[in-house]
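The values are calculated or read from the model by the stated rules, or taken from the named source; none is laboratory data. Source: prediction; values computed, not measured. With ideal geometry, Cβ positions are generated from the backbone for all residues, glycine too; neighbour counts draw on all protein chains shown.
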Amino acid sequence: MELSMMEQLCFSTVRIETQDIQKNCYSGTGFFFKLSVDDKIVPLIITNKHVVKGMANGKFVLTELDKDGNPMYKQHFPIVIEHNFEKYWIMHPDTNIDLCVMPINPILELGNKQYGKVFFYKAFDNSLIPVNEKLSEIDIAEEIFMIGYPNGLWDSVNNMPIVRRGTMATNISLNHNGRREFVIDAACFPGSSGSPVILFNKGGYTDKRGNINLGKGRLMLLGILYAGPQLTVTGEIEIVTVPNLQQKPLAISHIPNNLGYIIKSDAILDFVPLLRPLIANS
């Protein structure tokens, strides 16, 4: 089975279901990343801190791999973590950066050794984080893609996420309002927290200087959705985290204005020093 690049990217995310101590249920988005730590590769799931903080239980579903190395769309395996789900996550050291990671090698090994399961997933890696020269090639209003589970929606039969389009709304080469962030023009619903924001050009693209690059594609992990400006009922604009979806009716007190605040993907590299002790002890 030969998957297109976009089909492969649909296996880069995971729907994170959580439950607090009051048994309220929520959902958010995570994605797979293979982080280079010195000479080792550490597989991770990355999401926002606010998706997992205060959560007692957590669950995500992985797609199984067949003997030929292909995904078995309708064969899934639930990973359930009970009692203080939050403690399994490593928080970004900057309190203003809403990111956290979970090393998943223990989960993958447990699935294989105890249950005989091997999972199909696609992970981003360091090479897809744009820095310096690559950032300068990205123009305002370029098309972007966001993969996740808006309003908790997903294809539960095939374990597939929802892919949505948007555009760059600010200059990614600049730190928006002095923070390691940029803004996209896209509807960002509850459940989308932690979604990867991707630049993907298939078959060619025009750069910001007007040069046409035929036959050359681009794939970059630009950042991670975490918040958006919303209009309150009193007419004020507030920047609020995109909430993980709560499975019960909520009173509408904030009106989203179809903008999303994105943490730049190079913030992922800040986890390297935090993961070194983990590797040393493994």
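Descriptive notes on the structure:
- Residue under evaluation ASN105, criteria (1) surrounded by 16 or more Cβ atoms within 10 Å (Cβ to Cβ); (2) under 23 Å from PRO161 (Cα atoms), criterion not met: (1)
- Applying a threshold of 6 Å to beta carbon distances and a minimum spacing of six or more residues, or different chains, the list of pairs starting in the stretch 73-99 at a residue that is part of a loop (DSSP other than H, G, I, E, B) and ending at one that is of a type in the set (Ser, Thr, Tyr) reads ASP98/TYR226.
- Hey, LYS40 touching a helix residue (DSSP H, G or I) at 6+ places or on another chain (Cβ under 7 Å), in contact (Cβ under 8 Å) with a residue 12 or more places away in the chain and either surrounded by fewer than 17 Cβ atoms within 10 Å (Cβ to Cβ) or not aliphatic (A, V, I, L, M) (or both) or not: yes
- Within the stretch 95-153, being of a type in the set (Ser, Thr, Tyr) and under 17 Å from the mean Cα position of the chain (by Cα) holds for TYR121, SER127, TYR149.
- Qualifying residue in the stretch 258-267 (condition: modelled with pLDDT under 95 and either closer than 20 Å to VAL101 by Cα or in a loop (DSSP other than H, G, I, E, B) (or both)): yes
- Taken together, the residues in the stretch 126-152 that are surrounded by 15 or more Cβ atoms within 10 Å (Cβ to Cβ) and either aromatic (Phe, Trp, Tyr) or assigned to a strand (DSSP E or B) (or both) amount to 6.
- Consider the stretch 166-196 and keep the residues that are in a strand (DSSP E or B) and not hydroxyl-bearing (Ser, Thr, Tyr). The one that is surrounded by the fewest Cβ atoms within 10 Å (Cβ to Cβ) is ASP185.
- Residue check, LEU199 more than 26 Å from GLU64 (Cα to Cα) and assigned to a strand (DSSP E or B): yes
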